[in-house]
Amino acid sequence: MKKIINDPSTVVEESLRGLALAHADLLKVRTDPAVIYRADAPVP
């Protein structure tokens, strides 16, 4: 299996954005710093 990487310096950010788009009902993503959290997480 080959992987398509546009730019090695942005691979993490692009992967997180894709994950967020694929599962927008379950999670949210912040890219700076890289954080993944539940969409229904309580607000502090």
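The values are calculated or read from the model by the stated rules, or taken from the named source; none is laboratory data. Small disclaimer: the values here were computed from a predicted structure and weren't measured. Note that we place each Cβ from the backbone using ideal geometry, even for glycine, and neighbour counts take in every protein chain shown. To get the accessible areas, we keep the full protein, side chains included, count just its heavy atoms, and leave off ligands, DNA and RNA. Shrake-Rupley method; radii C 1.70, N 1.55, O 1.52, S 1.80 Å.
When you count the other C-beta atoms within 10 angstrom of each residue and take the mean per peptide, 29-35, 14-20 line up highest first as 14-20, 29-35.
With both labels modelled 7 Å from their Cα along Cα-to-Cβ, the Arg38 to Thr10 distance reads 3.2 nm.
Angle of helix 11-22 to the longest C-alpha principal axis of the chain, folded into 0 to 90 degrees and rounded to 10: 50°. Average accessible surface for the chain: 93 Å² per residue, computed with a 1.4 Å probe over protein heavy atoms with every protein chain in place. What a 1.4 Å probe finds exposed on the chain is 59% carbon and sulfur by accessible area, rounded to a whole percent.
Which value, to two decimals, describes the C-alpha radius of gyration of the chain once divided by 2.2 N^0.38 Å?
Taking the Cα Rg and dividing by 2.2 N^0.38 Å, one obtains 1.32.
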